[in-house]
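Inspection log for the structure reproduced underneath, given as structure tokens.
Please treat every number below as a calculation from the coordinates, not as lab data. What you are looking at is a predicted structure, and each value in this text was computed from that prediction instead of being measured. FYI the Cβ positions are ideal-geometry reconstructions off the backbone, even for glycines, and counts take in every protein chain you see.
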Amino acid sequence: MTIDLHPNIERELIPILQEVADPEIPVLTVLDMGVIREAVLKDGIVQIKLTPTYSGCPAMDVISDDLKAAFKVHGMEATVELVLAPAWTTDWMSEEGKQKMEAYGIAPPLEETADKDALLGNQRIVKCTNCGSTNTHVVSQFGSTACKALFQCDDCKEPFDYFKCLK
């Protein structure tokens, strides 16, 4: 598995971090999402800095608890600090994570300009996760969570979530 690591994540902590899933998209790990800004072992305690995908994201408390529990299973104490700056961006998601997201049925984020065109209905460029068609349209700016929009395919007629580009 190839992960674009932030330089502040100690390699020996990676296997445990890979055990912690995003509670809203359980096929993705916190590393796939790119929300771990730092994970270091200091004075016998794993110190983790976690950046939310957006401020007020309800998954952050669950992720924090899951991180502490994962390290506890491995006999380690962990602390989690929420870090709001710099703000999280979809650029921090791993390419593997985006592929897993699509296979799970959520269209991964497009680049910023394409995202705006798709969400405003100016272009049909969001690919249906069921049939692969780009003959899709936005149904709602908000999908199952605030970071997603609801789309529908005009070919297979299936609805699906699209993960919005955040910069």
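General remarks:
- Cys residues of the chain counted as unpaired, since no other Cys beta-carbon is under 4.7 Å: C57, C147, C165
- Residue-span extension gain [E112 to T89] - 0.36 nm each, minus C-alpha spacing: 7.2 nm
- Mean silhouette area of the chain, derived from the convex hull of its C-alpha atoms and averaged over all directions, reads 9.5 nm².
- Taking a span of 15 Å or more along the helix axis (Cα atoms) and a mean Kyte-Doolittle hydropathy of at least -1.0 as the rule, the DSSP H helices of the chain that qualify are 59-73.
- Anchor K68: lysines whose Cα lies under 19 Å away (excluding residues fewer than 8 positions away in-chain): K42, K49
- Projected area averaged over orientations for region 11-92, convex hull of C-alpha atoms, nm²: 5.1
- FRET E, pair T79, T145, Förster distance 30 Å, beta-carbon r, rounded to 0.05: 0.70
- Separation between Cα centres of region 26-75 and region 152-166, rounded to whole Å: 29
- Additional length obtainable on full extension of the chain from S55 to D43, 0.36 nm per residue less Cα span: 1.3 nm
- Cα-projected label distance for Q123 with A69, points at 7 Å along beta-carbon direction, nm: 4.1
- Flagged links, alpha-carbon separation over 19 Å, of K127/K167; K100/K167; K100/K157; K100/K148; K116/K148: K127/K167; K100/K167; K100/K157
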